[in-house]
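Asker: Here it is, the structure in full.
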Amino acid sequence: MLKGILAISGQPGLFKVISEGKNNVVIESLLTGKKSTAYADAKMSSLEDIAIYTSTEDVPLKKIFKKISEKENGGQAINIKASPDELRKYFEEILPDYDKERVYGSDVKKVISWYNLLNEKELLVFEDETTEEPTETPSIDSEVKE
């Protein structure tokens, strides 16, 4: 779900990876749709590698996004312009045991804004982890045989 989506330090919003070169990555802004190049020295983080500290373990961002989606029935989360106290209270409903000393208000705001952006662009797709093995689809060869 979050594969190929990057956060780049110092740049607003999120970016989709278009292609990768030896020392750079061609990206597209999810905010503006503009394509640009990010070089190897830029501090880039893939959303699938980001987790939030809790009192027991680190929770991957995709699980937090899924919890927000379930709470909001697939809709948008709280507006990030809400007060810092409202944002923290909202986040605590999503992840009650998050580490309040290591997860800053700016982190909470960023997670919620990322969720809202990905939701708006319809890039949030949650795989059900408890589903059974996928059913086999006939191969092309078996359909062609008569």
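Asker: Which of the residues belonging to region 1-30 are loosely packed, with under 13 Cβ neighbours inside 10 Å and either in contact with a Gly (Cβ under 8 Å, 6 or more places away or on another chain) or in contact (Cβ under 8 Å) with a residue 40 or more places away in the chain (or both)?
Answerer: Correct list: K3 only.
Asker: Could you figure out which of (1) more than 11 Å from the chain's Cα centre (by Cα); (2) more than 27 Å from G10 (Cβ to Cβ); (3) touching a residue at least 40 places away in the same chain (Cβ under 8 Å) isn't true of D99?
Answerer: (2)
Okay, residues lined up against (1) farther than 24 Å from N119 by Cβ; (2) in contact with a Ser or Thr (Cβ under 8 Å, 6 or more places away or on another chain); (3) in a helix (DSSP H, G or I); (4) of a type outside the set (V, I, T):
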residue: L6; (1), (2), (3), (4): no, yes, no, yes
residue: P12; (1), (2), (3), (4): no, no, no, yes
residue: I27; (1), (2), (3), (4): no, yes, no, no
residue: T37; (1), (2), (3), (4): yes, no, no, no
residue: E48; (1), (2), (3), (4): no, no, yes, yes
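Asker: Residues F65, F126, F91: which one is modelled with pLDDT under 95 and either aromatic (F, W, Y) or under 16 Å from the mean Cα position of the chain (by Cα) (or both)? Reasoning before the result, please.
Answerer: Details: F65 fails: modelled with pLDDT under 95; F91 fails: modelled with pLDDT under 95.
Matching residue, one of F65, F126, F91: F126.
Asker: Give me the residue from region 50-71 that is assigned to a loop (DSSP other than H, G, I, E, B) and in contact (Cβ under 8 Å) with a residue 12 or more places away in the chain and, out of that set, surrounded by the most Cβ atoms within 10 Å (Cβ to Cβ).
Answerer: Taking region 50-71 first, the residues assigned to a loop (DSSP other than H, G, I, E, B) are 50, 55-57.
Still in the running and in contact (Cβ under 8 Å) with a residue 12 or more places away in the chain: 50, 55-56.
Working: I50: 18, S55: 9, T56: 8.
The selected residue is I50.
Asker: I've got another one for you. So N24 clears everything in (1) over 15 Å from the mean Cα position of the chain (by Cα); (2) in the same structural domain as I94 (by TED's automatic domain parsing) except one condition, right? Which one?
Answerer: Exception for N24: condition (2).
The values are calculated or read from the model by the stated rules, or taken from the named source; none is laboratory data. On a predicted model such as this, the values are computed, not experimentally measured, just so you know. Here Cβ is always computed from backbone atoms with ideal geometry, including for glycine, and neighbour counts include all displayed protein chains.
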